[in-house]
Amino acid sequence: QFFVFCHGLLQLSQLLVSGYLKSSISTIERRYGLSSRTSGLLASFNEVGNTLLIVFISYFGSRVHRPHFIGAGAILVSLAGFLMSLPHFITGPYEFDQSVASTFSNTTDLCQPRPWANLSDANCTPRSSRENHEVLLVMFIAQALLGIGGVPIQPFGISYIDDFASERNSPLYLGILFSVTVIGPGVAFMLGSAMLQFYVDIDKVSRAEVQLAHKDPRWVGAWWLGFLVAASLVALSAVPYFFFPREMPKEVGFPLVLLRNLRHPVYLLVVLAQVNISAMVAGLATFMGKFLERQFSLTASFANMIIGAVNIPGAMVGIVVGGAILKRFQMSLGRCSAMCALGMFLCLLVAFPLLFLGCPTQKVAGVTYSNSSEFGHHGLECNLQCNCPEQAYNPICGSNSIEYISPCSAGCRAVNIQEDTGSVWNYTDCSCISENGGFATPGTCSSGCFHLFLPFVVLSCLAGILASTSHTPSFMLILRSIQPEDKSFAVGIQFMLLRVLAWMPGPILYGSAIDTTCILWEKRCDRKAACRYYDNTLFRQR
């Protein structure tokens, strides 16, 4: 029982490390200028290390000292977690365009008639592009280590428990572990929600010097803090494993079993169905937060809280309900498959309206919107004499409810500061907003979609509950349709196929699809960096 407790704790903290990355993905994109395709590849890169080893480990599981291997894997995972936060410490502070000269820089992004140092070229030193390569390299190495370290944890833990627990208690223990693996990501998103409320450079600059609000699209939260927390937890959980004893029975030959399972039609069909749903879940888990942020104008912290407190518990409820129905009605294999199909069908019905629950991107001058009359008057002369840097990004919302990429592009000549906090109150004398000089407030105009947020959350949660009712019956289909002595191996193969066909490509496919809906890219040193604005309608549909 102590082993089960330790293993639950370890799996929870291991999932904290891998799940936390997904909760801070939009923040890391913004901080280091990554496209969603790159961040999707990063998020699924831990599966690479994992896949290469999982089959061998499942097979050799009975010949090694399993607790020691689990402990060693946990040490690797914890190392990976610390490595993930390293980029924060090797790069300089986060820089963003500002309207008020400060300790960081004396340039401002207001409209100024005299020519001035161009913001975008200033930060394009060889050092900054080298920094960027280093950051990506460190993060990809950390993700690979995370995958390799995670290999022995689940298969060894499960087989160890199943070998030494009584027949009657084993399902209970494994049930506890599976529920932990579902709770894990939920806890990770909550951790993300908490950490992203702190400013990224909390250790490098004082809060007073940072004039960004949480709602500001340039806000970057302390994404690295969560990795330190999670990695420390893993390190702690690893300790007891070096003191558990070893025991072992023998098992049957490797290639024969592989062929025997792969030729089994029920096994193959169920695994293929699981591959399809898992690819969807992997992509959603990575980018759902980002979607909510963009579609409903939420902060990253709030989006994470919704996913961790609503969507993931919904999936847990579904899994439990599915298991309860199975137990109550003692289902045959045929009924199991009917139940899976029904769950999926209902899920599709409930999810269909989600295609329409959203709004188009807010009007952004020169990006999603151009007003011919405005250009007719002064042909965009309104900001011609401003010499705006191309890359300035400090969105403001005009009194005409049109968003401008920077105060300069709106032709704003003056800024009012709040006395007590030193943050920007509003911008005035903006020649593009109205002829007699309109005013604007800092931050984006919202997408005006918040009224659809509640229905969206309710429907997506329901869809998740319905889809996950088929989780347990589909596992049963696999376990009942193969020979008892092949069980652990069949599950190993199943997980490997899920990794290769679903968890690895899922986030990359989703990220690439999301990238195709971008309308304005940030440029860093002439390379495409993070996306500034998406076409929300296309983002939602794709």
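List the number of the failed condition for Leu333; all other conditions in (1) open to solvent by less than 30 Å² (accessible area, probe 1.4 Å); (2) farther than 30 Å from Ile402 by Cα; (3) not acidic (Asp, Glu) hold.
Failed condition: (1).
Given the condition open to solvent by less than 50 Å² (accessible area, probe 1.4 Å), free of Cβ contacts under 8 Å to residues at least 40 places away in the same chain, of a type outside the set (Ser, Thr, Tyr) and farther than 20 Å from Thr368 by Cβ, answer yes or no: does some residue in region 397-416 qualify?
No, every residue in region 397-416 fails to be open to solvent by less than 50 Å² (accessible area, probe 1.4 Å), free of Cβ contacts under 8 Å to residues at least 40 places away in the same chain, of a type outside the set (Ser, Thr, Tyr) and farther than 20 Å from Thr368 by Cβ.
Tell me, which residue of region 161-215 that is among the small types (Gly, Ala, Ser) and at pLDDT 80 or above is farthest from Gly283 (Cα to Cα)?
Ranking the qualifying residues of region 161-215, first place goes to Ala194.
Considering only residues of region 264-313 that are among the small types (Gly, Ala, Ser) and more than 22 Å from Val458 (Cβ to Cβ), which is most open to solvent (accessible area, probe 1.4 Å)?
If we take residues in region 264-313 being among the small types (Gly, Ala, Ser) and more than 22 Å from Val458 (Cβ to Cβ), then Ala273 is most open to solvent (accessible area, probe 1.4 Å).
State yes or no: is Ile493 out of contact with any strand residue (DSSP E or B) (no Cβ under 9 Å at 6 or more places or on another chain), of a type outside the set (Phe, Trp, Tyr) and closer than 20 Å to Ser44 by Cβ?
yes
So which helices (runs of 4 or more DSSP H) stay within region 445-542 end to end and still have 2 or more residues that are touching a Ser or Thr at 6+ places or on another chain (Cβ under 9 Å), crowded, with 17+ Cβ neighbours inside 10 Å and not hydroxyl-bearing (Ser, Thr, Tyr)?
471-481, 487-498, 505-515, 536-541
So, in region 493-517, exactly how many residues are touching a residue at least 60 places away in the same chain (Cβ under 8 Å) and more than 29 Å from Leu342 (Cβ to Cβ)?
6
Would you call Trp224 modelled with pLDDT of 85 or more and not in a helix (DSSP H, G or I)?
When the stated conditions are applied, Trp224 does not pass them.
Whether any residue in region 43-66 is within 30 Å of Ile514 (Cα to Cα) and within 12 Å of the chain's Cα centre (by Cα) is what I want to check.
Checking region 43-66: at least one residue is within 30 Å of Ile514 (Cα to Cα) and within 12 Å of the chain's Cα centre (by Cα).
One residue is enough: does region 139-156 have a residue meeting the conditions part of a helix (DSSP H, G or I) and at pLDDT below 80?
yes
Give me a count of the residues in region 16-48 that are open to solvent by 40 Å² or more (accessible area, probe 1.4 Å) and of a type in the set (A, V, I, L, M).
2
The values are calculated or read from the model by the stated rules, or taken from the named source; none is laboratory data. For clarity, every value in this text was computed on a predicted model and none was experimentally measured. Note: ideal-geometry Cβ built from the backbone for every residue, glycine included; neighbour counts use all protein chains shown. Remember, those area values only see protein heavy atoms, side chains included, never the ligands or the DNA or RNA. Shrake-Rupley method; radii C 1.70, N 1.55, O 1.52, S 1.80 Å.
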